[in-house]
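To keep things clear, I will list the structure first and then write my remarks on it.
The values are calculated or read from the model by the stated rules, or taken from the named source; none is laboratory data. Predicted, not measured: the structure shown is a model, and the values here were computed from it. So basically every Cβ, Gly included, is an ideal-geometry build from the backbone, and we count neighbours across all protein chains shown. What goes into the accessible areas is simple: the full protein's heavy atoms, side chains included, and nothing from ligands, DNA or RNA. Shrake-Rupley method; radii C 1.70, N 1.55, O 1.52, S 1.80 Å.
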Amino acid sequence: MTADLKFDYNNPYLKQFSVTADQIDGLGHTNNQVYVNWCQDTAWAHSKSLGINLQDYQNLQRAMAIRHASYDYLQASYLSEPVCVATWITHCDQRLSLERKFQVFNSRSGALLCRAKMQFVCINLINGKPARMPSLFKEGYGNAMVQAL
């Protein structure tokens, strides 16, 4: 059974996970790095749902690279607990940068486990320097941008 989740924004992209034994650290709860991986996996899944994948990045020689990320860990999760990660694109200037926010929940209890934010910059894959977003990024990411509740 899934609890009612209190989202910060409307229309989240959601991805489900379950805490596995190899994700538990020496303190008996989910290692913080796992939250980072869940957020990255959810961001990629959301991008794919928008029609933007790794092959597009390679073909266009452009990528959205993480410039800054922050994580606020609020509660622990434990072995076998169901986890739901919600994400939104909260800013896209349709030139160089976008921002993505996340909420990580215990799906059963509805407890908010973590809030995260990633800031991205579009880069040229050949030289690693900032580059303008191609149309595919402007349209896909730009049209997915949400407004605060």
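Key figures for this structure:
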| quantity | calculated |
| --- | --- |
| Those residues of the stretch 1-46 which are within 20 Å of the chain's Cα centre (by Cα) and assigned to a strand (DSSP E or B), in sequence order | 9, 13, 14, 15, 16, 17, 18, 30 |
| Qualifying residue in the stretch 7-27 (condition: open to solvent by less than 70 Å² (accessible area, probe 1.4 Å), at pLDDT 95 or above and at positive phi) | no |
| Residue in the stretch 57-70 that is among the hydroxyl-bearing types (Ser, Thr, Tyr) and touching a residue at least 12 places away in the same chain (Cβ under 8 Å) present | yes |
